[in-house]
1. Kirkwood Rh and Cα-based Rg: tell me the resulting Rg over Rh for region A:178-324, rounded to two decimals.
2. Check A:Ser370: other-chain or 5+ apart residues with amide H under 5 Å from its amide H, H built from backbone geometry?
3. Residue by residue through A:357-363, how many Cβ atoms from other chains fall within 10 Å of the Cβ on average?
4. Let me have the relative contact order for chain B, percent, based on Cα pairs under 8 Å that are six or more residues apart.
5. List the residues whose amide H sits under 5 Å from the amide H of B:Val93, counting only those 5 or more places along or on another chain, with H placed 1.01 Å from N in the peptide plane.
6. Past the 18 Å Cα-Cα mark, which pairs from B:Lys100/B:Lys136; A:Lys68/A:Lys107; B:Lys5/B:Lys40; B:Lys127/B:Lys151?
7. Compute the relative contact order of region B:120-202 as a whole-number percentage, counting only Cα pairs closer than 8 Å that sit 6 or more residues apart in sequence.
8. Which ³J(HN,Hα) values, rounded to whole Hz and listed in residue order, are derived for region A:86-91 from phi using the Karplus coefficients 6.51, -1.76 and 1.60 in 6.51 cos²θ - 1.76 cosθ + 1.60 with θ = phi - 60°, glycine and proline given as x?
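Each reported figure results from applying straightforward, stated rules to the coordinates on display, with no laboratory input. Since the model is a prediction, treat every value here as computed from it, not as a measurement. All Cβ positions, even for glycine, are placed from backbone atoms using ideal geometry, and neighbour counts span all protein chains on display.
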Amino acid sequence: MSDVASQFYADEFERVESLLPGAGNIQLDDQRKKALEYFLAQGLPTTRQENWKYTSLAALEKKPLPLKREQDHVEPSLAEILEVAVLPQAEHRLVFVDGRFAPALSKHALAVGVRAGALSSRVADRPDEGLPLSSPNHCALVSLGLALSEDGLDLTIPAGVSIHSPILVMFVSASAGHSVFPASAIHLAEGARVTLVEQHIALHNESAFAQILTRVTLDQDADLTHVKLQVEGERTIHLADTEVDVAARAQYHSVVLALGASIGREDLRINLNASGAHADLDGAYLPRKRMHLDHHTTVRHVSPNCTSRQSYRGILDEAGRGVFNGRVVVEKDAQHTDAQQSNANLLLSENAEIDTKPQLEIFADDVKCSHGATVGQLDPAELFYLRSRGIDEAAARALVTFAFAARVLSSLESQEALYSSLRKALFTHLPGGSVLEDLSL
Amino acid sequence: MLHIKDLTAEVDGKPILKGINLTVNAGEIHAVMGPNGSGKSTLASILAGRDGYEITGGSVMYQGKDLLDMPAEDRARDGVFLAFQYPVEIPGVSNIYLLKAAVNARRRHRGMQELDAMDFLSLVKEKVRFMEMDEKMLYRAVNEGFSGGEKKRNEILQMIMLEPTLALLDETDSGLDIDALKVVSKGVNSLRSPERAMILVTHYQRLLDYITPDYVHVLSAGRIIKSGGPELALELERQGYAWLTGDQKDAPSKGVAQ
Ligand SMILES: Nc1ncnc2c1ncn2[C@@H]1O[C@H](COP(=O)(O)OP(=O)(O)O)[C@@H](O)[C@H]1O
Ligand SMILES: [Mg+2]
């Protein structure tokens, strides 16, 4: 292992090690060191690995970015944050700036017993518990994140608590040219219910690197709607690894909108661990210019009577490139599994490209599994119909494209404010979307 | 208002229209009848501006302008409206959004103020009631999952919202039961005025019981082979097209004489 990036992050680790939350606690220090060693042994993933075949991290390999130094910190103003927030009116807002919790920009009025704040505080207060993020699933990037994470979201909703208005969590890149490693732990106890809106955004259009680690645990009958809006612009490398454990009758609903990164990669693994668990995954990716947006999902049906549905939609313009790899594993005991998957793509340019692959691994015999992938262009009959009603060609294209993408939001329709904000985010990032009129009707 | 002169057109090198001549004046209703495959939809589509046809000769003037030179959207804004034989489903775009965008595009073009949300809503609701439709359809995706009859009513709803100058109705009557046919005819008749003209493309005489045309033309194999008054449609119903086209398959059938 030769590479520049490994040496670079080994040096960074040495520099920041003693500054990390809870540093000095032997167990914690050891956990971080081991993670770093694992990363150093593996190195960054390369396209020789099946899982990374279509997504090259050569840019990161060549030019790794440092963690931010304290003296470089510039706190954005609240006005700046609210201006870019997808839900500026959110009652509960937790803001992380360059990977660290920013209490002055955050506010919440959550019920007693709800813990919503900085994971660094929890780790500093109770270092003996270690990082509540460990994953049996070893991966070099996850290990790098574990070693270098300075902070992240700590969210625990106690049993039976239902939070009615969405919690907005903003990960803001304020100063360019840095690496951030936010790591978050989310736990919904029995019957808890919440909608979490995670927004990743940059206040600059320079290079940045984010390696994001998220671990979600849903106890039985819990219900989490997890929206992720990724809009960091064309020069950010955004790699996210999310693992979700879903207990009996609990529901995990993910809506991911990947709207802008030079390289964006979402690894989303869902484990349906007990009977009646359900996962609903909706996603849209809109690569344009030279963006590369990759979604790898794994839905693992461990127990009988679980259901999952995945629907991902790609809109690929200019030299944009998309990757969708949807894996469904039905384990031996997982009888009466119902697993659906679909991936539909709209290619708007000759230079755009999509690699889509379903991957079904079924070891039980009494299961219903379906999958389908399509790649198409805008339908000329639809465009003519709209034009024949006086809608000009550019608007007709934008409208049909928007309608195609917006379907991934349809499950959020009942949450009106969120739904309309996300539709707006979607159409402002859509090829030609600016010509669309107010879509609130 | 509309002057079609020696219009010839082909699709994929195959001649479809072989010299159409037709003049339509303001206030007139023309019925274009003819056997399947004779080129009726092709003519209507070319007038509305659909791509994919090669115009090999002739001209079409509309209100003194070269219609064939205008993109489809400009024709629509200038008052040309096509009610589709097969209305297109547009998933994800609601009917009300399309109606509002279409009405305002036309109003802007005429130098009128756009309708605000309230005025638009009360207007559209009134028209929906007039067409005996369910208000809920306004919030459904355009034509998606609509029955054949609902689609045709929806076309007429769009038409009466847009108040076109030249309406082209392509087989709006086909697939309608008698009640739907009455409602659709009511919609069409409500637009009759001295400033407007209509071309009704139809296979059957049935529609013409409710909307009396001023002229009837028979299109066969890409040519208008006969023109006359409303009595020509009745003649066609009795005799089929065979006496005109000389083709046995165009003889009257049960389907025609219902
Ligand atoms: N897009 C097309 N591609 C190929 N052939 C076409 C196309 N549109 C129409 N045609 C042909 O042109 C002829 C006339 O069709 P059409 O105008 O639909 O007739 P009508 O409406 O009178 O039934 C038919 O032979 C049909 O097959
Ligand atoms: Mg036809």
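1. 1.00
2. For A:Ser370, the qualifying residues are A:Ala339, A:Gln340, A:Gln341.
3. Per residue, the number of nearby Cβ atoms from other chains is 0 on average.
4. 26 percent
5. Amide H to amide H, under 5 Å and 5 or more residues apart or across chains, B:Val93 pairs with B:Val142.
6. Distance filter (> 18 Å) returns A:Lys68/A:Lys107.
7. Values: 73 pairs, mean separation 28.3, N = 83.
Contact order relative to length: 34 percent.
8. In residue order, the calculated couplings are 6, 10, x, 8, 4, 5 Hz.
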